[in-house]
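Colleague: This is the structure, below, for whatever I ask next.
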Amino acid sequence: AIQKLSDDFDVRWREAASKHEVAANKLEVSMADLSESLESSKAELNSAHEAKISDLMACHEDIVSEFHESARKVEQTLEAKESELSLVKEDNAAKTKNIYVL
């Protein structure tokens with residue numbers, strides 16, 4: 001009877017050990033799949049992030065370029081107005097001089 005119990009225990013122990021090994025192997029495969037999926041997701045996110053940064057940098061460059069162009073136009077307009085003002089001052093000075101001469 002003790003031998004029968006010992007044999008039953010050995011059989012059940014081997015079955016449990018076998019089931020445990022199968023479960024451990026499945027877990028290892030699942031972990032590997034999960035790790036691979038995680039790496040793939042990280043790569044996709046990094047790629048998307050880099051694309052967004054690239055888009056933002058291009059947008060920034062466009063804005064800076066537009067700002068510089070606008071500043072250049074304002075500067076040209078200011079120079080033209082200063083030149084025009086100088087001519088008006090010269091003309092007024094000449095007219096004032098003519099008035100005193102008369």
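The values are calculated or read from the model by the stated rules, or taken from the named source; none is laboratory data. For clarity, every value in this text was computed on a predicted model and none was experimentally measured. In this analysis, Cβ positions are derived from the backbone assuming ideal geometry, glycine residues included, and neighbour counts consider all displayed protein chains.
Colleague: In the range 12-31, is there at least one residue being among the aliphatic types (A, V, I, L, M), under 33 Å from the mean Cα position of the chain (by Cα) and surrounded by 10 or more Cβ atoms within 10 Å (Cβ to Cβ)?
Modeller: Of the residues in the range 12-31, the ones among the aliphatic types (A, V, I, L, M) are 16-17, 22-24, 27, 29, 31.
With the extra rule that they be under 33 Å from the mean Cα position of the chain (by Cα), the set shrinks to 31.
Those left that are additionally surrounded by 10 or more Cβ atoms within 10 Å (Cβ to Cβ): 31.
Among the residues of the range 12-31, at least one is among the aliphatic types (A, V, I, L, M), under 33 Å from the mean Cα position of the chain (by Cα) and surrounded by 10 or more Cβ atoms within 10 Å (Cβ to Cβ), which makes the answer yes.
Colleague: Only one of these is part of a helix (DSSP H, G or I) and at pLDDT 95 or above: K97, K42, K4. Name it.
Modeller: Numbers: K97 fails: at pLDDT 95 or above; K4 fails: at pLDDT 95 or above.
Step by step, each of K97, K42, K4 is checked, and only K42 is part of a helix (DSSP H, G or I) and at pLDDT 95 or above.
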